[in-house]
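Peer 1: Input: one structure, supplied below.
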Amino acid sequence: MILVINKNAKKEDVAKVKEMIESKGCTEHESIGLNYHIIGVVGDTSVIDEGMFQRSDAVDKVLHVQEPYKKSNRLFHPANTEVKVGNEVFGGKKLGIIAGPCSVESEEQIISVAQSVKKSGARFLRGGAFKPRTSPYSFQGLELDGLELLKKAKEKTGLPIVSEIMSTDLIDEFVENVDVIQVGARNMQNFDLLKELGKTNKPILLKRGMSATIEELLMSAEYIMSGGNENVILCERGIRTFENYTRNTLDLSAIPAIKKLSHLPVIVDPSHATGFWWMVEPLTKAAIVAGADGMIIEVHNDPKNALCDGNQSVKPERFEELMNKIKALAELEGREV
Ligand code: PEP
Ligand code: MN
């Protein structure tokens, strides 16, 4: 952080600024030229509220030389982070492929989808038990019964479970029953939820908010990580743009951008990004080439009658085909399916 000092700043005001810097455990590096006077703040500036300097009469401008996120920043952690989930890993050579229905609808449905995606090579089972629906009149999920059904599907297939949490009240329930806790796009900036998840040690799948910048996504990861939970997997799931042919616009450029800025694994959700089942395969391929560490794909045994997101759900046969098709591509990229 660099403070540009006003030309006519009073000595005592500058001295106060220096005191402020030292009170935060940082040191100052002052440089005075003919036409400028700057103070570099050296140390962990992530704990400093820059408003403190902006309010000082001595300070003209506050400039940043570093991003405001620290724990998720590659600068402080150059190697890729691998998030372990049981025997599986996100961020390693093997792609972390999550598949399953948008929502858990019945025992028969979740077990049959789980068995087929497992056979096709998925490493994790997704299934929403608590659904964040735009309309309160839409199916809201089977809630706790849904979590029970996911557990049954895990017993039958061994696939670890990924499911979305919506409220802090259910954290204990999720920690006990779920392998990866998903924070959906709508809750990416539910800071109370992020803080509470930071106190657990469960892997968290943090989806990008539909209007969130990459920096905002990383700041949300920072909320979880600064609480002590560094097991964060990021997910690009499409953002709102002026284009309305697709449900969202898949921001493929976010993958290399996040990889450059952060050491955390990044996966892609081609289902919610597009809203169309027939776009899932091409965008899964594009995501692999762009460097994604995995995918979360909606698969339903009967998409036409799905209670949620049928249009974007691929049938189990198509998922199997997709998994076979991406094998060679993944190898070309130095990855494994
Ligand atoms: C989901 O994964 O079911 C979901 C609701 O996704 P998103 O939060 O990305 O909209
Ligand atoms: Mn969905």
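Peer 1: Any residue that is assigned to a loop (DSSP other than H, G, I, E, B), touching a residue at least 24 places away in the same chain (Cβ under 8 Å) and within 25 Å of K131 (Cα to Cα) - is there at least one of those in segment 260-273?
Peer 2: Let us first name the residues in segment 260-273 that are assigned to a loop (DSSP other than H, G, I, E, B), namely 263-265, 269.
Remaining after also requiring touching a residue at least 24 places away in the same chain (Cβ under 8 Å): 263-265, 269.
Adding the requirement that they be within 25 Å of K131 (Cα to Cα) leaves 265, 269.
There is at least one residue in segment 260-273 that is assigned to a loop (DSSP other than H, G, I, E, B), touching a residue at least 24 places away in the same chain (Cβ under 8 Å) and within 25 Å of K131 (Cα to Cα).
Peer 1: Do you know which of the residues in segment 306-337 that are β-branched (V, I, T) and away from ligand 2 (no atom under 16 Å from the Cβ) is surrounded by the most Cβ atoms within 10 Å (Cβ to Cβ)?
Peer 2: Only one residue fits best here, namely I326.
Peer 1: Within segment 205-236, track down each residue that is within 16 Å of ligand 2 (Cβ to nearest atom) and surrounded by fewer than 24 Cβ atoms within 10 Å (Cβ to Cβ).
Peer 2: Within segment 205-236, G209, M210 qualify.
Peer 1: Further question on the same structure: Look through D44, D13 and report the one residue that is in contact with a Lys or Arg (Cβ under 9 Å, 6 or more places away or on another chain) and acidic (D, E). Step through it out loud before you land on a result.
Peer 2: Details: D13 fails: in contact with a Lys or Arg (Cβ under 9 Å, 6 or more places away or on another chain).
Sole residue among the options that is in contact with a Lys or Arg (Cβ under 9 Å, 6 or more places away or on another chain) and acidic (D, E): D44.
Peer 1: State yes or no: is Y245 open to solvent by 10 Å² or more (accessible area, probe 1.4 Å) and touching a Lys or Arg at 6+ places or on another chain (Cβ under 9 Å)?
Peer 2: The answer is no for Y245.
Peer 1: In segment 76-90, which residues are in contact (Cβ under 8 Å) with a residue 40 or more places away in the chain and open to solvent by 10 Å² or more (accessible area, probe 1.4 Å)?
Peer 2: H77, P78, A79, N80, T81, E82, K84, G86, E88
Peer 1: Do we find a residue being within 16 Å of ligand 2 (Cβ to nearest atom), free of Cβ contacts under 8 Å to residues at least 60 places away in the same chain, closer than 24 Å to L234 by Cβ and open to solvent by 10 Å² or more (accessible area, probe 1.4 Å) anywhere in segment 110-128?
Peer 2: no
Peer 1: Hey, among M1, M20, which residue is surrounded by 12 or more Cβ atoms within 10 Å (Cβ to Cβ) and out of contact with any His (no Cβ under 9 Å at 6 or more places or on another chain)?
Peer 2: Exactly one residue qualifies, and that residue is M20.
Peer 1: So which residues in segment 89-113 are within 16 Å of ligand 1 (Cβ to nearest atom) and part of a helix (DSSP H, G or I), if there are any at all?
Peer 2: Residues satisfying the conditions are Q109, I110, V113.
The values are calculated or read from the model by the stated rules, or taken from the named source; none is laboratory data. Because the structure is a prediction, the values reported are computed rather than measured. Reconstructed Cβ throughout: ideal geometry from the backbone, glycine too, with neighbour counts over all protein chains shown. Remember, those area values only see protein heavy atoms, side chains included, never the ligands or the DNA or RNA. Shrake-Rupley method; radii C 1.70, N 1.55, O 1.52, S 1.80 Å.
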